[in-house]
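This report concerns only the one structure given below.
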Amino acid sequence: MTFEQLSLFDTPDERQEKQQADIIDRIGDWCLVYLVTKSGGNKGNLFILHQDDAVKFCSDNCSHGTARGGKWMFQWTSIESERKE
């Protein structure tokens with residue numbers, strides 16, 4: 001974790017803006033992984049992974065299949081794209 005020294009002359013709003021900008025920079029490479037079913041029965045995010053890991057996981061043969069007569073698979077989306085909506 002990196003720490004930044006803030007000026008005594010920064011207002012609380014400026015400090016908060018700096019902290020928010022730092023958080024936004026850090027979430028850029030993180031993704032939400034969720035389960036998709038053909039019937040649409042499962043909803044919600046299951047994992048938060050770094051984008052490289054999300055791509056590997058969702059590309060693997062274990063991340064999709066058929067169960068109970070229906071098809072399912074894991075998908076990912078970036079946290080950044082979810083924030084903008």
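A short reminder: the numbers here are calculations on the coordinates, not readings from a lab. Owing to the predicted nature of the structure, the values given are computational and were not obtained by experimental measurement. When we count neighbours, we look across all protein chains shown, and the Cβ atoms used for this are built from the backbone with ideal geometry, even at glycine.
Before moving on, here are some points about what is shown:
- With the cut-off at under 12 Å, measuring from each backbone N in segment 51-69 to a point 7 Å along the Cα-to-Cβ line of W30 picks out 51.
- For segment 34-85, the alpha carbon convex hull comes to 79 Å³ per residue, rounded to a whole number.
- Point-to-point label distance, K18-D53, nm (Cα→Cβ direction, 7 Å offset): 3.0
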